[in-house]
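The values are calculated or read from the model by the stated rules, or taken from the named source; none is laboratory data. Quick caveat: nothing in here was measured; it's all calculated off a predicted structure. All Cβ positions, even for glycine, are placed from backbone atoms using ideal geometry, and neighbour counts span all protein chains on display. SASA here: full protein model, heavy atoms, side chains in, ligands and nucleic acids out. Shrake-Rupley method; radii C 1.70, N 1.55, O 1.52, S 1.80 Å.
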Amino acid sequence: MSLASGGPPPPARRYDRSALRSTLVALGSTAVFFGAVGWIVVHAPNWPDVQRSFFNGAIWAESVPDIVPAFWVNIQLFCVAEVFILVLALILAVLRSLPGPVFFPLRLLATVYADVFRAVPGILIIYILGFGIPALQIPGVPNSTFVWAVVSLTLVYSAYVSEVYRAGIQSVHPSQEAAARSLGLSEFQALRYVVLPQAIRRVIPPLLNDFIGLQKDTVLVSYIGVVEIFRQSQIDQAAAFNYTPYFVTALVFLVITIPLARLVDVLIARDRRRSLAGAR
Amino acid sequence: MPSGISPDARPDHRGPALRVEGVWKSFGDARVLRGIDLELAEHDVVCLIGASGSGKSTLLRCINLLEPLESGRVFLEGEEITRPSVDVNRVRRRIGIVFQSFNLFPHMSVLSNVTLAPRRVLGMSHGESVERALGLLDRFGLADKRDDFPDRLSGGQQQRVAIVRALAMEPDLLLLDEITSALDPELVAEVLNVIRELARGGMTMLIATHEMGFARDIATRVCFLDNGVILEQGPPAEIFSRPREGRTQQFLQRIVDAGRL
């Protein structure tokens, strides 16, 4: 082996072999572990009852065509609400970051907002707005439950998301703002061009986490009569007197949220690598 | 100074480029500046020397209005910039500052770092601002770095970009706050050479520095800051060779002992 070919190969090959062995051992032990758990579960005395009630193939086949299309309502809810949340929360976070005594009322407003809507359970907001406002029958005010569902989710989630943004804004070192201001940029320009772009990049993973939470919480609006995936699965459950439709619904949520959760992990790992690289 | 003049109008009789009058500044109980008086004529290069904590950086930040004064006044070309009604953004366009820690914008390319303020503050078109930025980057040997992000550059390159970023506003006065203190020793020279070139070009500069050799070469005047006051000032030859004050002598002796002069 000539020197030009790089580092000494035998240790590298040994490393490859041990990595392969680790992978095989991990696969083997995983198969044995879950195989054993599965065997115990299906050989438990009550397993046939559990299977009939929760994992019933016939009911599964019947309820999937009902339930999966109902999820379209949830998708609309969380997509529309997320747009409003990202905008409203950013405004709230910026208001809370305004310095100086003149802006005290705005800071106060944003602070009270975040406190109130994080404190009150979301389901209460949904009930109050979803039932209460349409009952007032004020001319010109929409009485669509979908509208009030979006409004409720936006109000509740904006409070959390504004805190995420605010943490991001505060994580940008003050020297960045000083550098921007020293060039003559106004306070707003420094925020717009220097602080916010860095802040938002840093909080993308927690924003995605809140987005996952929002997706799940769209089922809460079923209580004000929006027929979405959870309401549909309740209807199917009651008709069949069987819990399988709930498992269909659970599976739908797993399918959409797990990839997002993995994406969050990837982004966090990437940020970590970057900050480690930056710390050299 | 009459306040009725339009913001861009300069007074007819231009005063000194910079005049600092009786500036006091505290942080909590710590009195950092205790009555600073200082005057810079146009094309002056004044170096502030003194131990860490003597108030050099604070003085620069006060002049750039990054820190509010406790008392005292600062005049830029005869116009008081510390009066309450002053438009700080307008003042800062005319005073460039370069920081010890570079403070480049990490999310922007070198070119965007330099063009941001000319575009957003001076309202230059994209084309104009790029032309000006490329001219400056080229002059300081950074033209090939235009599309790189700051974290790809060496410390010396980053600091040169920070200088270019300040110069792109064509300031009347440049403040340099220990701009080589965060650099590896072998990168100091490239940054100091940029400053030498600026001094030759007539840029008015106020420089806080620990580089005594550089101060001796470049300064038209050296001010020794001690405990928040300018204890002694004069031509570099005088300050470095025949310091009058005991504190100045002690400070310089420590520098010599450390092999830095």
**OP:** Would you list the P(r) distribution for the protein assembly as shown, with all Cα-Cα distances sorted into 20 Å bins from 0 and each bin expressed as a whole %?
**Re:** 16, 36, 27, 17, 4, 0
**OP:** For the range B:215-261, just the Cα atoms, rotate onto the principal axes and tell me the three extents in Å, largest first.
**Re:** 25, 23, 17
Subject >> Rounded to 5, the percent of DSSP beta bridges in the protein assembly as shown classed as antiparallel >> reply: 55
Original post:
When only the heavy atoms of the protein chains count and the probe is 1.4 Å, how do B:Val229, A:Val172 rank by accessible area, highest first?
Top reply: B:Val229, A:Val172
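Accessible area, 1.4 Å probe, largest first: how do B:Ser85, B:Ser54, B:Ser112 sort?
Largest to smallest exposure gives the sequence B:Ser85, B:Ser112, B:Ser54.
From the Cα gyration tensor of the range B:137-203, with a ≥ b ≥ c the square roots of its eigenvalues, which class applies: rounded if a/c is under 1.5, or else prolate if a/b is larger than b/c, or else oblate?
In terms of gyration-tensor shape, oblate.
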Original post:
B plus A alone minus the pair: what accessible area, both sides summed, probe 1.4 Å, in Å² to 100?
Top reply: 1600
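Can you tell me the order of A:237-243, B:127-133, A:161-167 when each peptide is scored by its average per-residue count of other Cβ atoms within 10 angstrom, highest first?
Ranked from most to least packed, the peptides come out as A:161-167, B:127-133, A:237-243.
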**OP:** Go ahead and collect, in residue order, the members of the range B:43-79 whose backbone nitrogen is under 16 Å from a label point 7 Å along the Cα-Cβ direction of B:Gln250.
**Re:** B:50-55
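Between beta-carbons, use under 14 Å as the cut-off and find the net charge around A:Arg166, counting Lys and Arg +1, Asp and Glu -1.
Value of the local net charge: +1.
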Original post:
Put a dot 7 Å past each Cα toward the Cβ at B:Ser52 and B:Asp144; how far apart are the dots in nm?
Top reply: 3.6
Original post:
What are the DSSP H helices in chain A that stretch 18 Å or more along their long axis, judged by alpha-carbon atoms, and whose average Kyte-Doolittle hydropathy comes to at least 0.5?
Top reply: A:9-42, A:57-97, A:104-119, A:145-171, A:244-278
Subject >> For chain B: Kirkwood Rh in Å [reciprocal of mean 1/r, alpha carbons] >> reply: 19.1
Original post:
In whole Å, how far is the Cα centre of the range A:69-98 from that of the range A:210-264?
Top reply: 19
Original post:
How do A:Lys216, B:Lys145, B:Lys25 stack up against each other in accessible area, from largest to smallest, with a 1.4 angstrom probe?
Top reply: A:Lys216, B:Lys145, B:Lys25
Original post:
Given +1 on the Cβ of Lys and Arg, -1 on the Cβ of Asp and Glu, and no further charges, what dipole in debye does the range A:70-228 carry about its Cα centre, rounded to the nearest 20?
Top reply: 340
Original post:
Scattering from the C-alpha atoms of the range A:32-167 alone, worked out with Debye: what is log10 I(q)/I(0) at q = 0.10, 0.14, 0.17, 0.22 1/Å?
Top reply: -0.59, -0.81, -0.95, -1.23
Original post:
Got a number for the accessible area of B:Arg139? Probe 1.4 Å, square angstrom, nearest 10.
Top reply: 120
**OP:** May I ask which residue of A:Val102, B:Thr248, B:Leu176 lies farthest towards the positive end of the charge dipole of the protein assembly as shown, with charges of +1 (Lys, Arg) and -1 (Asp, Glu) on Cβ and the Cα centre as origin?
**Re:** B:Thr248
Subject >> Taking the range B:63-124 and dividing mean pair separation by its residue count, relative contact order in percent (alpha carbons under 8 Å, at least six apart) >> reply: 24
**OP:** Select from the range A:152-184 all residues whose loss of accessible area on going from the chain by itself to the full protein assembly reaches 20 Å² or more (probe 1.4 Å).
**Re:** A:Ser175, A:Gln176, A:Ala178, A:Ala179, A:Arg181, A:Ser182, A:Leu183, A:Gly184
Subject >> Environment charge at A:Ala70 (Cβ cut-off 12 Å; Lys +1, Arg +1, Asp -1, Glu -1) >> reply: -2
**OP:** Give the cross-link partners of B:Lys56 among the lysines, using a straight C-alpha distance below 20 Å as the criterion and excluding same-chain residues fewer than 8 apart.
**Re:** B:Lys25
Original post:
When chain A is modelled as a GNM with alpha-carbon springs shorter than 10 Å, which of A:Ser152, A:Ser53, A:Ser182 fluctuates the most?
Top reply: A:Ser182
**OP:** Give me the distance between the Cα centres of the range A:111-153 and the range B:156-179, rounded to whole Å.
**Re:** 53
**OP:** Could you calculate the FRET efficiency of A:Trp72 with A:Ile204 from 1/(1 + (r/R0)^6), where r is the beta carbon distance between them and R0 is 25 Å, rounded to 0.05?
**Re:** 0.40
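Work out which helices of chain B, taken as complete DSSP H runs, extend at least 15 Å along their axis over the Cα atoms and score a mean Kyte-Doolittle of -1.0 or more, then list them. Could you put the intermediate results ahead of the total?
Working: long enough: B:110-120 (16 Å, 0.20); B:126-139 (20 Å, -0.49); B:155-167 (18 Å, 0.00); B:185-200 (24 Å, 0.47); B:246-257 (16 Å, -0.73).
In chain B, the long hydrophobic H runs are B:110-120, B:126-139, B:155-167, B:185-200, B:246-257.
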Subject >> Listed residues A:Gln76, A:Gln232, A:Gln189, most fluctuating in chain A (Gaussian network, C-alpha, under 10 Å) >> reply: A:Gln189
Original post:
Excluding ligands and nucleic acids, what accessible area in Å² is computed for B:Ser241 using a 1.4 Å probe, to the nearest 10?
Top reply: 80
**OP:** Counting helices only, and only those DSSP H runs with n ≥ 4, report the 222 nm mean residue ellipticity of the protein assembly as shown as the sum of -39,500 (n - 2.57) divided by its residues, in deg cm²/dmol to the nearest 500.
**Re:** -18500 deg cm²/dmol
**OP:** Using a/c under 1.5 as the rounded threshold, could you call chain A rounded, prolate or oblate? The axes a ≥ b ≥ c are square roots of the C-alpha gyration tensor eigenvalues, and prolate needs a/b larger than b/c, oblate otherwise.
**Re:** oblate
Subject >> Point-charge dipole on Cβ atoms (K/R +1, D/E -1) for the range B:18-257, about Cα centre, debye to 20 >> reply: 280
Subject >> Computed accessible area, B:His210, all protein chains, 1.4 angstrom probe, square angstrom >> reply: 50
**OP:** Subtract the Cα-Cα distance of B:Glu39 and B:Glu21 from 0.36 nm times their separation in residues, and report this length gain in nm to one decimal.
**Re:** 5.6 nm
